[in-house]
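The values are calculated or read from the model by the stated rules, or taken from the named source; none is laboratory data. No experiment lies behind these values; they were computed from the predicted model shown. We place every Cβ from the backbone using ideal geometry, glycine too, and count neighbours over all the protein chains shown. Ligands, DNA and RNA are excluded from the accessible area calculation, which covers all protein heavy atoms including side chains. Shrake-Rupley method; radii C 1.70, N 1.55, O 1.52, S 1.80 Å.
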Amino acid sequence: MSGPAGADLEAAVRALRAGELVAFPTETVYGLGADAANAAAVAELYRVKGRPAGHPVIVHVAADADVERWVLAPPAYARALADACWPGPLTLVLPRRPGAVVDQVTGGRRTLGIRIPAQPVAQDLLRAFGGGLAAPSANRFGRVSPTTAGHVRADLGDDVRVILDGGPCGVGVESTIVDCTGAAPVILRHGGVTAADVARITGVAPEERTDGSTAAPGTLPSHYAPAARVQLVEPGAIAARATTALFAGSRVGLLALAADVPSGLPGGLVVLDPPADPDEYARVLYDRLREADARDLAVVLVVPPPDTGIGTAVADRLRRAAAPRP
Ligand code: TXA
Ligand code: MG
């Protein structure tokens with residue numbers, strides 16, 4: 001695995017202290033980080049990201065940090081989640097400690113999304129920086145999340161001076177978000193920590209509110225979308241759908257688990273390298289969607305993985321990628 005040299009890390013910390021942005025790897029997707037306590041840095045973050053003000057950003061902290069520097073009185077079930085899943089692909093939404101981050105980070109909310117990522121480069125950066133890093137995924141608003149340093153460079157280019165390269169992300173889809181402000185956990189976004197994990201850890205089957213009613217952009221109906229039109233299909237319908245689209249003159253691709261790719265498909269169909277299992281599907285999902293655009297496909301037919309484990313998060317992102325665009 002490639003990792004940045006110490007000099008890169010020092011440059012990254014210097015940039016953050018100067019109020020500049022740094023892109024860094026996490027185990028989920030690459031983040032675009034700004035000092036969460038610096039209003040000008042956070043304003044620049046929203047500008048580069050192209051994100052509407054009022055959409056809150058997750059704050060990332062080091063594994064040895066005292067999270068109560070940022071949030072107040074986590075309930076027992078939130079502590080249980082933190083103990084079991086941090087560092088890892090989990091974000092907890094908790095009452096914010098006033099003054100710990102600038103108001104723009106939370107879009108004026110009284111709550112804060114906080115996460116301790118596991119990726120070693122992220123941990124080195126957070127430990128060396130010492131503060132909290134406000135970091136959305138390092139892509140322009142509404143587009144496909146980056147899972148390699150190359151994706152970040154392609155998307156943000158010169159708008160971000162320092163990009164730390166930690167190789168491809170190990171999970172590949174964004175963190176699970178759990179609202180911990182009520183009596184029981186509520187899942188706001190599916191990710192690497194599953195609803196079954198949350199139930200096992202907290203002893204309560206979590207409610208789910210992934211419909212955007214909390215104004216979380218990652219829960220907007222249309223999100224995570226490539227330029228190519230994404231269409232969900234059953235394996236049995238691939239051949240007919242592909243034939244129709246090819247006949248209409250479109251460049252058409254297919255993304256599905258290897259086991260779901262039928263034989264005898266029409267010749268013109270571009271079969272994107274199929275993942276072997278749901279974990280690999282999550283890891284390669286955003287790279288394949290970017291490849292669909294690089295290969296100039298007008299349509300990508302997609303077979304979601306089974307809706308269980310990490311497959312739930314993959315199926316969720318694919319549904320949003322396939323949703324009607326505004
Ligand atoms: O895996 C991840 O979570 C990645 C990496 C970089 O950590 N980050 C990420 O950030 O996906 P972003 O900004 O693309 O998505 C963050 C989601 C948004 O849907 C946002 O609305 C929600 O988290 N969020 C953040 N703070 C919140 C809060 N206080 N209440 C409700 N939702 C919140
Ligand atoms: Mg995002």
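Brief remarks follow.
- Surface analysis of the chain yields an accessible area of 40 Å² per residue, using protein heavy atoms and a 1.4 Å probe.
- Evaluating 6.51 cos²θ - 1.76 cosθ + 1.60 at θ = phi - 60° for every residue in region 234-240, the Karplus couplings come out as 7, x, x, 9, 4, 4, 5 Hz, glycine and proline recorded as x.
- Net charge of Cβ neighbours under 11 Å - reference F24; Lys, Arg +1; Asp, Glu -1: -3
- Per-residue Karplus couplings for region 138-144, computed as 6.51 cos²θ - 1.76 cosθ + 1.60 with θ equal to phi - 60°, are listed in order as 7, 10, 5, 3, x, 8, 6 Hz, Gly and Pro entered as x.
- Solvent-accessible area assigned to carbon and sulfur over the chain amounts to 53 percent, based on a 1.4 Å probe.
- Formal net charge of residues neighbouring D293 (Cβ-Cβ distance under 13 Å; K, R +1; D, E -1): +2
- Taking the DSSP bridge list for the chain and keeping only pairs wholly inside it, about 45 percent are antiparallel.
- Other residues with beta-carbon under 14 Å from the beta-carbon of V271 carry, at +1 per Lys or Arg and -1 per Asp or Glu, a net charge of +1.
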